[in-house]
Amino acid sequence: MSPPAPLTAGVNAPRLGTLASRPALTLPPAIGDAWRRALRMLGRALVGLPPSSWLLVDVALIALGINLAYIVFPPFALVDTPHVAQWQATAIFAFAGILASLVFGLYERETIMGRARILTRMLLTGAATAVLAYGIIYVLMYSTVSRRVSGFALAFFLAHGIAIRMGVWCCVHRMHRGLLVLGSKALFQSFERARSQGLLSEYQLAGYTTPPSPTEADANDPFYLGTIDDQLANLARLHVTDIVVGGSAARDPKVMQWMVPCLQAGCRVTNEAIFYEKATGQILVDEITPAWFLFADLRVHCDQHATVKRIVDLVTACIGLCLSAPWWPLIALAVKLGDGGSVFYRQERIGQNGRPFTLYKFRTMRANAENGKSLWCSANDPRVTRVGRILRRSRMDELPQLYNVLRGDMSIVGPRPERPDIVAELSDALPFYSERHLVKPGLTGWAQISFRYGSSVEDSKRKLQFDLYYLKHMSFELDMIILFRTLGTFLRGAC
């Protein structure tokens, strides 16, 4: 992404991303402001829709498509293989569509932020819906459904589903929500980095302001807008809709007095940690204190939640072992023929409350790749064998960890288990790293599906932010979302 150009030259001239290069609307100022405000409100409402709302939209599209298809293409009366009833076809295709949508992450917030993701995930969802629906109808019900009916219904669903999501994408990206940062330059730069990574794409950074007098570095920064005393008149001009207050700035009494007029002007004022958590699905590690664990209301020791989680672990592990059992001999043979080394890889990892356990995986690296010393993995790691690359890409190397889940060493969902020496290194380098061990490590997790393999301390810090988010928000619903996303990753990697 190319750097945005300043609106005007000189100090205190904010840059508003790509909006600065677009021609101004030719509407009268009052109408133009009202139009922009309406689009911002619409974009905010649409991007903030819960997954259940999108689910209802898709179910309605599938149901409408099936019913229209039965009107346009009435089924022939067959004796040997009767057609399913119209209501049965509607229910089956709706169920298949919901399941496929969850697997391929169609209801994730990031999906609506990218046109390529919308198109790819809609097509994958449509294909999986057809396969699953036909499997239920033909295999379980010994019946049939007209190919014209299913083709029409799926085409209707894909065409309208893609069109609706593309329309939402336009609303979100055409009229960005202006974001003003109240705090240090370092805080503003952290938001710039997050936006460059696509995490805050619906926001436009207006700049940053400070409560006290600016430093020399602030005064020479084109993103610096001045002190808060100068900003109330600029909120409307800069189209600011959200204000994020840094932790140090929030302790200034002057800031607390300044916030009320901003709220009255229609701006949302949020603490930086809360804003970052809601916008990115991460906890800002640098900005939390030990008191955060007091107010986070963690559920790690809730007996009811722990019981449900253990039942889900046992059921999922048993199903996973049964479904994957035919593949184990083939994987073992491929690993053995690759370089003649051992099939399984055993390694000590740190589990819940810091207890060590032995983790099992299919071996993906050459024999004696580490020589007893823990080394960071990297992209295109030369230690990984050809068979190992395929196993890692499809996540099939982690199937033996289902045994660890049955033993109770791990959970299906949780933070990634690390080696003792790496845990010791990261605990010294990163604040609150050891707190991720309050829960059992997982076969998959929020950090694993949200971030790449960690290959440095900085990467581990990013993953820790996702782990702390899971620690705070862990629930059966979030576990199901992670499981479906992991299944989608597995299917995409295996293709």
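A few points about this structure:
- A single entry from Ser456, Ser475, Ser460 fulfils the requirement of being of a type in the set (Gly, Ala, Ser) and crowded, with 21+ Cβ neighbours inside 10 Å: Ser460.
- All conditions in (1) more than 16 Å from the chain's Cα centre (by Cα); (2) outside any helix (DSSP H, G or I); (3) at pLDDT 85 or above hold for Ala133, with the sole exception of (2).
- Odd one out for Pro329, checked against (1) within 25 Å of Leu464 (Cα to Cα); (2) out of contact with any helix residue (DSSP H, G or I) (no Cβ under 9 Å at 6 or more places or on another chain); (3) without any contact (Cβ under 8 Å) to a residue 60 or more places away in the chain: (1)
- Of all the criteria given as (1) in contact with a helix residue (DSSP H, G or I) (Cβ under 6 Å, 6 or more places away or on another chain); (2) buried (at least 20 other Cβ atoms within 10 Å of the Cβ); (3) not hydroxyl-bearing (Ser, Thr, Tyr), the one not satisfied by Leu487 is (2).
For (1) modelled with pLDDT of 90 or more; (2) over 30 Å from Val245 (Cα atoms); (3) not hydroxyl-bearing (Ser, Thr, Tyr), each residue gets a yes or a no:
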{"site": "Arg147", "(1), (2), (3)": "no, yes, yes"}
{"site": "Ala153", "(1), (2), (3)": "yes, yes, yes"}
{"site": "Leu158", "(1), (2), (3)": "yes, yes, yes"}
{"site": "Ala163", "(1), (2), (3)": "yes, yes, yes"}
{"site": "Val168", "(1), (2), (3)": "no, no, yes"}
{"site": "His173", "(1), (2), (3)": "no, no, yes"}
{"site": "Arg177", "(1), (2), (3)": "no, no, yes"}
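- Residues of the stretch 131-162 that turn out to be hydrophobic (A, V, I, L, M, F, W, C) and in contact with a Leu (Cβ under 6 Å, 6 or more places away or on another chain), as a count: 1
- Close pairs (9 angstrom Cβ cut-off, 6 or more residues apart or separate chains): within 16 Å of Asn404 (Cβ to Cβ) in the stretch 298-319, of a type in the set (Ser, Thr, Tyr) and in a helix (DSSP H, G or I) anywhere: Ala317/Tyr403
- Looking only at residues in the stretch 263-299 that are surrounded by fewer than 16 Cβ atoms within 10 Å (Cβ to Cβ) and β-branched (Val, Ile, Thr), the one that is farthest from Gly183 (Cα to Cα) is Thr289.
- Filter result (in a helix (DSSP H, G or I), of a type in the set (Asp, Glu) and within 17 Å of Lys440 (Cβ to Cβ)) within the stretch 310-352: Asp313
- The set of residues in the stretch 324-340 that are among the aliphatic types (A, V, I, L, M) and either surrounded by 16 or more Cβ atoms within 10 Å (Cβ to Cβ) or within 27 Å of the chain's Cα centre (by Cα) (or both) comprises Ile331, Ala334, Val335.
- Considering the stretch 216-309, the qualifying helices (runs of 4 or more DSSP H), each wholly inside and each with 2 or more residues that are in contact with a strand residue (DSSP E or B) (Cβ under 7 Å, 6 or more places away or on another chain) and not small (Gly, Ala, Ser), run over 253-264, 272-280.
- Hits in the stretch 400-438 - residues which are free of Cβ contacts under 8 Å to residues at least 40 places away in the same chain and crowded, with 20+ Cβ neighbours inside 10 Å: Tyr433, Arg436
- Yes/no for Tyr107 being touching a Ser or Thr at 6+ places or on another chain (Cβ under 7 Å) and assigned to a loop (DSSP other than H, G, I, E, B): yes
- Condition met for Asp221 (of a type in the set (Asp, Glu) and within 30 Å of Met410 (Cα to Cα)): no
- Condition met for Val335 (at pLDDT below 85, touching a strand residue (DSSP E or B) at 6+ places or on another chain (Cβ under 8 Å) and β-branched (Val, Ile, Thr)): no
- No other residue among Asp381, Asp397 is surrounded by 17 or more Cβ atoms within 10 Å (Cβ to Cβ), under 26 Å from Gly414 (Cα atoms) and modelled with pLDDT under 85 apart from Asp381.
- Selection of the stretch 218-235 for residues being exposed (fewer than 13 other Cβ atoms within 10 Å of the Cβ) and either touching a residue at least 60 places away in the same chain (Cβ under 8 Å) or closer than 23 Å to Ala279 by Cα (or both) yields Ala219, Asn220.
- Search result, residues across the stretch 352-364 that are surrounded by fewer than 21 Cβ atoms within 10 Å (Cβ to Cβ), touching a strand residue (DSSP E or B) at 6+ places or on another chain (Cβ under 6 Å) and more than 9 Å from Asn404 (Cβ to Cβ): Pro356, Lys361
- Flag if Thr209 is outside any loop (DSSP other than H, G, I, E, B), touching a Leu at 6+ places or on another chain (Cβ under 6 Å) and surrounded by 17 or more Cβ atoms within 10 Å (Cβ to Cβ): yes
- The set of residues in the stretch 424-478 being in contact with a Cys (Cβ under 7 Å, 6 or more places away or on another chain) and closer than 21 Å to Leu402 by Cα consists of Tyr453 alone.
- Tallying residues that are in contact with a Ser or Thr (Cβ under 7 Å, 6 or more places away or on another chain), over 24 Å from Pro382 (Cα atoms) and outside any helix (DSSP H, G or I) within the stretch 442-474 yields 2.
The values are calculated or read from the model by the stated rules, or taken from the named source; none is laboratory data. In this text the structure is predicted, and so the values were computed from the model without any measurement. Note: ideal-geometry Cβ built from the backbone for every residue, glycine included; neighbour counts use all protein chains shown.
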